[in-house]
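> Once you've had a glance at the structure underneath, I'll fire off some questions.
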Amino acid sequence: MSRAIAVKLAGPVLRARAEGPFQLRESVRVGPARLLGEVVRLDRDEIVVQVYEDTTGLRPGIEVVGDGAPLAIRVGPALLGRIFDGLLRPLSGAPDRLAAGLREAPATRFPFAPAAAPGDAMAAGASIGDIVVAGGRRLAALVPPGVEGRVLDIRPEGEYDDDEPLARIATAGGEVAVAMSHAWPVRVPRPSRRRLASVTPLVTGQRILDSLFPVALGGKAAIPGGFGTGKTVLLETLAKGCAADVIVYLGCGERGNEMAGVLEEFPRLDDPRTGRPLMERTVIIANTSNMPVAAREASIYCAITVAEYFRDMGLDVALMADSTSRWAEALREVSGRFGELPGEGGYPAYLASRIADFYERAARVETLGGRTGSVTVMGAISPPSGDFSEPVTSHTKRFVRSYWALDAKRAQARFYPAVHPLQSYAEDASAFAPWWSERGNPNWLALRRRFLTLLDEQSRLERMARIIGKDALPARQQVTLLCADLVNEAFLRQSAFAPKDRLASPAKQAAMMAVAGRFVELAEGALARGIAPARIAGLACLRPLARMGEDTGEDELARLDELRADLESAFADLEPEEAGA
Amino acid sequence: MKPRLLAENAAVGLEGPLLFLEGTPEAGLGDAVEVTGPDGRIRLGRVAAADRERLTIEVLESTAGLPLEGTVVRFHGEPLAFALGPGILGRVFDGVGRAIDGGPPVAAHQRLPIDGLPFNPVSREPPRDFIETGITAIDLLNSLVRGQKLPVFSGGGLPHDRLAVEIASHARLPRRAGEDFAIVFAGIGLAHDSAEYFRSSLERGGALERTALFLNLASDSSTQRLLTPRFALTAAEYLAFVEGKHVLVILTDMTNYCEALREVSSSKGEIPSRKGFPGYLYSDLATIFERAGCLKGARGTLTQLSILTMPSDDITHPIPDLTGYITEGQVVLARDLDRRGVYPPVNVLPSLSRLMKDGTGGDYTHPDHPALASQLYAAYARAAQTRVLASVVGEEGLSEADRRYLAFGEAFEQRLVRQEGPRAFAESLALGWRLLGDLPAADLTRLSDRQLREHVNAPAGRT
Ligand SMILES: Nc1ncnc2c1ncn2[C@@H]1O[C@H](COP(=O)(O)OP(=O)(O)OP(=O)(O)O)[C@@H](O)[C@H]1O
Ligand SMILES: [Mg+2]
């Protein structure tokens, strides 16, 4: 390992005189506390190092030692159920107040059962055996990408440290030891055999997403929204309820209390799919807003590397990043410190390509080992002043296929989730019609279109009503407004804190969508029969309709049929009045 | 404390706040220094950069009048720290923790670095439990929770000083009567008369004895202004996590802090970002606001209710904007309410307390409190929309239902938001239910049938 001696320190950047060869982007340890850093510039016999931790107290003359490799993390079974800092060092067991120089994860023991024997040919991405983690879940012990050959020997079933060599593989380049975990450079995407098209949505349990703006398994979604519009609550709700095998939750430059909240809540909640504690499928990575900014830039790569690692076992992984804006700002800050020419909004010119690189790592793939796995990325964006024309939002918009724009007006009226139905979109939506059809909603695409048209007309009509008054609108338009209101209140509104409604199964969504859709039909029918809009608005069944989400549990879906029957009879009872009414 | 080293005749350059030294003892990054000119004035500073030959000192107070010759630099051998003891309550300090009330020096039990290290999220206890402020717009609609950071977004000339003093004087933990409650009040960039207003009103209200008051005046240097919230929060952390008290921190006015940061940043020649503020304004503010919360195993808690004035009442200005992205909600004051004589002029719609759900309902306040708040919000939002409509088509153009919302909006502001003295929570709650009684029951879809029956007292379907 090469050594260098620090000659100049300023903030998180230092210059050191190299006493051996260093490479660009090599990871280094600085000073007696072995702070993590990265070589960002080579300059004759000097190196420039970006330190990822607080540099208070460092002085000229301290030693800088190279790792001989770019910044890498150890991926393995010990990730699940735990919380790490932005450089993937465990936070549990660390002191109450975080000084620089956190320790890397100590080895953890897991039961292992071999699935290969000496002489077997092993390709990269194949599994040498099963690892048993919390809850009896079995994970694959992967042969790392780039390693291929015959098994020389393999350890018998038993408990081992996660970094302990379990098998030796003879490769073209020599013998390689394979353990349950391995190191991977975070800025390099993990390879796969090929990308697969996605015909399945990632079920989120949120009606406005699944039914109007679905995201594909292996897809990418952005959630832009001003402060307090509900990005974090939405991402947390998705982390709790979405149909993924593993959740990677990245708190990037956000609040410490939010992380503490997740840590407190997740172990007590059940994974909707397995009934096991939610925490067991979750990896949390936290660089809160008061932690060092340089590590924030790296944290997003750590998170996606962890996600890809679980994908390579053939799992569906969802990565929530809150907030990608803080990552972009960290990038800006680091770039500014090196005197790079600032572009739009002060961000470096390569911002767009960095965003693209990140979202490109989301995919549904055939893994090197021949399994099918996916990484779905959902990133929050915090646009300055809530203005979506700023660089991070506008670039991200080019690279994602689902766009969930949060609306301050809706949030102010406490209408959640505050996803704006007209500014949001999902490019893959029509591909999911067959999927919904199999789940009892053959009319999904038509209803979706109907609802979106209604909401679009509503916004136009409201603008008009602002000029001429609501009562002056023709009856048909008043009915349109009424129907749009109902779609909003009865179908789209879904509080993350309503015990019966925080998650809605596809069956509940389909049933609710049908009831709301039926209301629209009946209202339009009544209008055609000459019924005044005010009488439709006065129907007593409107109130239970508006509350059907929060009042109907998953085991009470039959209630929705009753509601629908009430609706039919209420409309049937409406008699046209004599002319003039 | 480590031994202090001295450097004389080492100054070779001075550029704005930066002092360059050569041939000095070795010092670590961030170490504190005292720079004394021939005038005898002591200025605080810290090591900003170090190489083998040269040290760069960032002087944290005005460098005007400082020559190279005769300037002496004393090294603390550690980052800036504050010597603290239980005796800080009832005392008045300047912006960098020196007692200015003529009393004896505070007996120090502990020295804590003013840049407090970040809390490990694992060690945080999620904030719970309700703090009653006596202000209905806060208690009922945007409840403050112990350990929360909830700022007040105000505007120049609005009565935020009065609000701050009232909250400081009335704030209580209804479920923990008798537990130690303390206030740390930091005036940042205050005019002399506001400083005097705070001191005398806290004294009159009897709150001064449970308060540590920090006063950084407008006439003090901008660099010192950057230290004031850090000294105050270090004191607050000491009271909360060493002395075990429930501490409410009021920092006012954070806009002055941000202006000082902009000034210092530009004097260092840094590349400005939005509106001339440095690109790291977000991270810098986070190091202040994140110093709030509860710790596992600690008896005390630290709650922040800071005040900032929005330049030109613009909530999209970088100061309120970035603050809102860090804090756990905001209480927004509005000029038009103030003009209409509504005190406190809380603009309820853009206000938000994100932790409300963790400190209200159930055992904390009343089980139906969250539903009531949500319904009041939905109705008031509709009233605000109707108001816009009425301003165009006139009240005559409104439907009967819309007119009821118009009246509701008026009552909401004049009877619920507006108040003379502090209101007990139960009174605020009753007032909220009563206001809803004037709306068509069928519209109250955020309330369950039971809530409607029990509180609003109207048979469903009444219009
Ligand atoms: N789906 C939801 N259901 C119920 N309440 C919600 C929902 N979304 C948001 N809220 C409410 O809005 C508040 C703010 O939401 P959140 O913290 O997610 O905002 P944010 O967009 O992440 O803001 P910031 O950018 O400042 O982090 C929450 O504390 C909660 O009270
Ligand atoms: Mg958030």
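The values are calculated or read from the model by the stated rules, or taken from the named source; none is laboratory data. Keep in mind the model is a prediction, meaning the values are calculated, not measured. With ideal geometry, Cβ positions are generated from the backbone for all residues, glycine too; neighbour counts draw on all protein chains shown. Side chains included, ligands, DNA and RNA excluded: accessible areas come from the protein's heavy atoms. Shrake-Rupley method; radii C 1.70, N 1.55, O 1.52, S 1.80 Å.
> Specify which of the listed residues (A:Glu63, A:Glu53) is farther than 30 Å from A:Thr367 by Cβ, in contact (Cβ under 8 Å) with a residue 40 or more places away in the chain and within 14 Å of chain B (Cβ to nearest Cβ).
A:Glu53
> Across segment A:235-258, which residue is farthest from B:Met356 (Cα to Cα) among those that are within 11 Å of ligand 2 (Cβ to nearest atom), open to solvent by less than 10 Å² (accessible area, probe 1.4 Å) and under 11 Å from the mean Cα position of the chain (by Cα)?
Only one residue fits best here, namely A:Gly251.
> Sort out which residues of segment A:277-307 are acidic (Asp, Glu) and within 13 Å of chain B (Cβ to nearest Cβ), and write them in order of number.
A:Glu297
> Among the residues that make up segment A:497-506, is at least one of them within 12 Å of chain B (Cβ to nearest Cβ) and of a type in the set (Gly, Ala, Ser)?
yes
> Let me ask something else. Within segment A:204-218, is even one residue open to solvent by 40 Å² or more (accessible area, probe 1.4 Å), touching a Leu at 6+ places or on another chain (Cβ under 9 Å), at negative phi and not small (Gly, Ala, Ser)?
no
> Given the condition within 14 Å of another protein chain (Cβ to nearest Cβ) and within 15 Å of ligand 1 (Cβ to nearest atom), answer yes or no: does some residue in segment A:367-379 qualify?
For segment A:367-379, residues within 14 Å of another protein chain (Cβ to nearest Cβ) and within 15 Å of ligand 1 (Cβ to nearest atom): absent.
> Taking the stated definitions as given, is B:Asp402 open to solvent by less than 20 Å² (accessible area, probe 1.4 Å), away from ligand 1 (no atom under 16 Å from the Cβ) and touching a His at 6+ places or on another chain (Cβ under 7 Å)?
The answer is no for B:Asp402.
> Just to confirm my filter: which helices (runs of 4 or more DSSP H) fall fully inside segment A:394-495 and include at least 3 residues that are touching a helix residue (DSSP H, G or I) at 6+ places or on another chain (Cβ under 6 Å)?
A:444-468, A:475-486
> Scan segment A:220-234 for residues that are away from chain B (no Cβ under 14 Å) and open to solvent by 10 Å² or more (accessible area, probe 1.4 Å) and jot them down.
The answer is A:Lys220, and nothing else.
> Could you list all residues from segment B:307-334 that are in a strand (DSSP E or B), within 19 Å of A:Ser323 (Cβ to Cβ) and among the polar types (S, T, N, Q)?
Result: B:Gln330, single match.
> Then there is this: Would you mind telling me which numbered condition in (1) under 24 Å from B:Ala378 (Cβ atoms); (2) loosely packed, with under 15 Cβ neighbours inside 10 Å; (3) in contact with a Pro (Cβ under 7 Å, 6 or more places away or on another chain) A:Leu482 fails?
(2)
> Can you say whether A:Ala472 is open to solvent by 10 Å² or more (accessible area, probe 1.4 Å), within 18 Å of B:Ala401 (Cα to Cα), among the small types (Gly, Ala, Ser) and within 11 Å of chain B (Cβ to nearest Cβ), as far as the supplied structure shows?
Answer is yes for this residue.
> Here's something else I'd like to know. Take B:Pro86 and decide whether it is touching a helix residue (DSSP H, G or I) at 6+ places or on another chain (Cβ under 9 Å), away from chain A (no Cβ under 14 Å), open to solvent by 20 Å² or more (accessible area, probe 1.4 Å) and farther than 24 Å from B:Arg225 by Cβ.
The answer is yes for B:Pro86.
> A further question on this structure: Out of everything in segment A:308-355 that is acidic (Asp, Glu) and within 14 Å of chain B (Cβ to nearest Cβ), what residue ends up being least open to solvent (accessible area, probe 1.4 Å)?
Among them, the one singled out is A:Asp322.
> What are the pairs, 6+ residues apart or on separate chains, where a residue within segment A:307-332 that is in the same structural domain as A:Arg138 (by TED's automatic domain parsing) has its Cβ under 8 Å from a residue that is surrounded by 24 or more Cβ atoms within 10 Å (Cβ to Cβ)?
none
> Would you be able to say whether some residue in segment A:73-93 is without any contact (Cβ under 8 Å) to a residue 40 or more places away in the chain, of a type in the set (Ser, Thr, Tyr) and in a loop (DSSP other than H, G, I, E, B)?
Looking through segment A:73-93, at least one residue is without any contact (Cβ under 8 Å) to a residue 40 or more places away in the chain, of a type in the set (Ser, Thr, Tyr) and in a loop (DSSP other than H, G, I, E, B).
> Oh, and also: Could you count how many residues in segment A:313-346 are away from ligand 1 (no atom under 16 Å from the Cβ), closer than 17 Å to A:Met378 by Cβ and part of a helix (DSSP H, G or I)?
Of the residues in segment A:313-346, 0 are away from ligand 1 (no atom under 16 Å from the Cβ), closer than 17 Å to A:Met378 by Cβ and part of a helix (DSSP H, G or I).
Okay, residues lined up against (1) more than 10 Å from every other protein chain (Cβ to nearest Cβ); (2) within 12 Å of ligand 1 (Cβ to nearest atom); (3) under 20 Å from the mean Cα position of the chain (by Cα); (4) aromatic (Phe, Trp, Tyr):
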{"position": "B:Ile315", "(1), (2), (3), (4)": "no, no, yes, no"}
{"position": "B:Ala334", "(1), (2), (3), (4)": "yes, no, yes, no"}
{"position": "B:Met356", "(1), (2), (3), (4)": "yes, yes, yes, no"}
{"position": "B:Pro367", "(1), (2), (3), (4)": "yes, no, no, no"}
{"position": "B:Leu376", "(1), (2), (3), (4)": "no, no, no, no"}
{"position": "B:Gln385", "(1), (2), (3), (4)": "no, no, no, no"}
{"position": "B:Val388", "(1), (2), (3), (4)": "no, no, no, no"}
{"position": "B:Gly394", "(1), (2), (3), (4)": "no, no, no, no"}
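> Separate question: Please tell me if B:Tyr238 is under 26 Å from B:Asn347 (Cβ atoms) and aromatic (Phe, Trp, Tyr).
Spelling it out, it is not the case that B:Tyr238 is under 26 Å from B:Asn347 (Cβ atoms) and aromatic (Phe, Trp, Tyr).
> When you look at A:Asp456, is it modelled with pLDDT of 95 or more and open to solvent by 20 Å² or more (accessible area, probe 1.4 Å), yes or no?
Taking the combined requirement at face value, the residue satisfies it.
> Which ones in segment B:144-186 are more than 14 Å from chain A (Cβ to nearest Cβ) and assigned to a loop (DSSP other than H, G, I, E, B)?
Selection gives B:Gly155, B:Gly156, B:Gly157, B:Leu158, B:Pro159, B:Ala171, B:Leu173, B:Ala177, B:Gly178, B:Glu179, B:Asp180.
> What's the number of the only condition in (1) open to solvent by less than 10 Å² (accessible area, probe 1.4 Å); (2) under 30 Å from B:Val417 (Cβ atoms); (3) within 13 Å of chain A (Cβ to nearest Cβ); (4) touching a residue at least 12 places away in the same chain (Cβ under 8 Å) that B:Pro278 fails to meet?
B:Pro278 satisfies every listed condition except (2).
> Given (1) within 13 Å of another protein chain (Cβ to nearest Cβ); (2) outside any helix (DSSP H, G or I), identify the lone condition not met by B:Pro344.
With (1) within 13 Å of another protein chain (Cβ to nearest Cβ); (2) outside any helix (DSSP H, G or I) applied to B:Pro344, the lone miss is (1).
> A further question on this structure: When segment A:131-170 is examined, which residues are found to be among the β-branched types (Val, Ile, Thr), surrounded by 16 or more Cβ atoms within 10 Å (Cβ to Cβ) and part of a strand (DSSP E or B)?
Scanning segment A:131-170 gives A:Ile131, A:Val151, A:Ile154, A:Ile169.
> Please return the ranges of strands (runs of 3 or more DSSP E) entirely within segment A:190-266 where 2 or more residues are more than 12 Å from ligand 1 (Cβ to nearest atom) and in contact with a Phe, Trp or Tyr (Cβ under 6 Å, 6 or more places away or on another chain).
Hits in segment A:190-266: A:220-224.
> What number of residues within segment B:335-352 satisfy the criterion of being open to solvent by 10 Å² or more (accessible area, probe 1.4 Å) and either within 13 Å of ligand 2 (Cβ to nearest atom) or not basic (Lys, Arg) (or both)?
Qualifying residue count, segment B:335-352: 8.
> Before we move on, is B:Arg418 away from ligand 2 (no atom under 16 Å from the Cβ), within 27 Å of A:Arg463 (Cβ to Cβ), surrounded by 14 or more Cβ atoms within 10 Å (Cβ to Cβ) and not aliphatic (A, V, I, L, M)?
no
> May I pose another question? Take the residues in segment A:393-431 that are within 13 Å of chain B (Cβ to nearest Cβ) and of a type in the set (A, V, I, L, M); name whichever of them is farthest from ligand 2 (Cβ to nearest atom).
A:Ala413
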